[in-house]
Amino acid sequence: MTDSLHTNSQLLSGFDHLARTLGETLGPGSGTVLCAWGEDGAEVVSSSAVLARRITQVPGHRRNTGAALLRETVLRVDARHGDGCATTAVLAQALARCARRAVAAGAHPVRVRDGIGRGVAAACDALKAMSEPVAGERDITGLALAATADPELATVLGELTDVLGPDGAIWVREANGDETARHYIDGHRWRARPAEAAVLAHRATELTLIEPLIALVEHELSSADEVRPLLEAAGRRTLLLVAPDITGAARTLLSVHRERALAVVLTTDRTRHSEDFADLGLLTGASVISPVLGLPAASVRAAHLGGVRRVLVRRGDLTVVGGHGDRSAVLQRAAALRSRAWELASGPVEREAADRLWRRQARLAGRTATLTVGARSEQEAEDRARVARRTARQLRDALREGVVPGGGVAYVDCLTAVQAVAPDDRDEAAGLNAVAAALKAPFLRILANARVPAPELALLDAIATGPGHGVDATTGELTDMRRAGIQDTTAVAAGALVAAGETAGLLVSAQLAVGHG
């Protein structure tokens, strides 16, 4: 039994160690953490997500296991929602502490875990009930500022998200200089390049085709015999030919006919080319030319070619404007992709796939923009771009699922719902009490980090004032959080609480397993 208690103590010690460290970064008055490695390597970190990735090990095998459990939890929340690492850590730490005391006092771990689950479910229902739609660009920018602590980035992201709407997508790139700029894309853009660099010679940066026909060839073209039928099908019209690659005699023949034909090579991921060509075909009304699909180049006729109002070709991309495809079919495809993206986004490990589907639907719908993030150094540009991508995702969630009062107030306002749950027994009641105690933790930690005097008294004042009221950590004043523009994304608030509850429940179960081991 002594060994079991020691093991539990070490597991929870590592968990607490990482939770305390991540908690330092919560709120506008949060601090920074100095991460040092080797003899002369060091980095000042203020992002909880970056910090969780940097702290890969703590001393002691069991302590490291506890820290790893929390690290995996917070990074899963970050991957899914783009924010919430520090909040998850603070909630999980408070839940684990209260559950640990209950088990030490004789409560059964499984019943405590069940109580935590019921309390978290009640609180999440309360969060959804208090959620309100995002009011406009001011609210969006406020959310972005809270997520980035970067006024310039927040302003641009707020504008982009407001203009593009809930179905939009923002492509974030790193700039070579220190200027941050945005560009709204008119049409539908793919990464591509001219098959021949010479078509953009003499310092030309782009080439525009008006009302061209389009041939989409899903396989590499190397033979002139595969190109001739395409040129014949186009007749005297200008032809844009899009393929994964064009080499040899095929390129030579196209070069000869460069006055009426332009070849473009897609530079997107080849494993996704079937998706790219399918989307291009839908937009332009073109059939995808491929022997595998039953349409070899030799069989191509004029009816297999698509058309667009305008095409813009640059060294790094292809933009299609005014495709001749069936608009209703395009919107149906976009809606299906959007629905699938939301399904995947609700899972723990499918966020990358969801983001890819989201970009596809936004491109089909014509709601895209690029954000070029500048900085004084390459590392700073990389960091700002990463923050911009995470924040853009979070803002998208906010437009879809709404916002709740920020500063930890939304959790405090869930107390009534949790306290209204009738427990089946004393042990389950202990789990519910753990949730009630944990709901106060983010509010208190935010004020403690901001050095606001007497956080506990401030909490009592906020509760007495009424729902939606809390303390602005930047001023220390009691305020209506929504009116002050201090809000959190509902999805992040609920996601952090669910993850914290699951992890605390796992820790309680681990105590049972070790105790019987």
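None of the figures in this text is laboratory data; all of them are computed from the coordinates on show. The model shown is predicted, which means the values in this text are computed figures rather than measured ones. Reconstructed Cβ throughout: ideal geometry from the backbone, glycine too, with neighbour counts over all protein chains shown.
Some notes on this structure:
- Cα-projected label distance for Ser339 with Thr271, points at 7 Å along beta-carbon direction, nm: 2.7
- Between Ala353 and Ser290, the FRET efficiency estimated from the beta carbon spacing at R0 = 25 angstrom works out to 0.55.
- The alpha-carbon positions of region 188-325 define a convex hull whose volume is 93 Å³ per residue.
- At 0.692 mPa s and 37 °C, Stokes D of region 375-443 from Kirkwood alpha-carbon radius, µm² per second: 216
- Average Cα contact separation per residue, region 188-325, under 8 Å, 6 or more apart, as relative contact order %: 38
- Prolate is the label for the chain. Its Cα gyration tensor axes, ordered a ≥ b ≥ c, give a/c of at least 1.5 and a/b above b/c.
- Relative packing of 171-181, 493-503, which averages over residues the other C-beta atoms within 10 Å, highest first: 493-503, 171-181
- Each Cα pair under 8 Å and six or more residues apart adds its sequence gap; the mean of these over the residue count of the chain is a relative contact order of 27 percent.
- Listed peptides 406-413, 372-379, 444-451 by packing density, highest first (mean Cβ within 10 Å): 406-413, 444-451, 372-379
- Calculated log₁₀ intensity ratio I(q)/I(0) where the Debye formula runs over C-alpha points of region 332-464, q = 0.09, 0.16, 0.17, 0.22 Å⁻¹: -0.49, -1.00, -1.03, -1.20
- Centre-to-centre separation between the Cα atoms of region 112-140 and those of region 451-498: 14 Å.
- Euclidean distance of C-alpha centroids, region 364-425 and region 206-267, integer Å: 45
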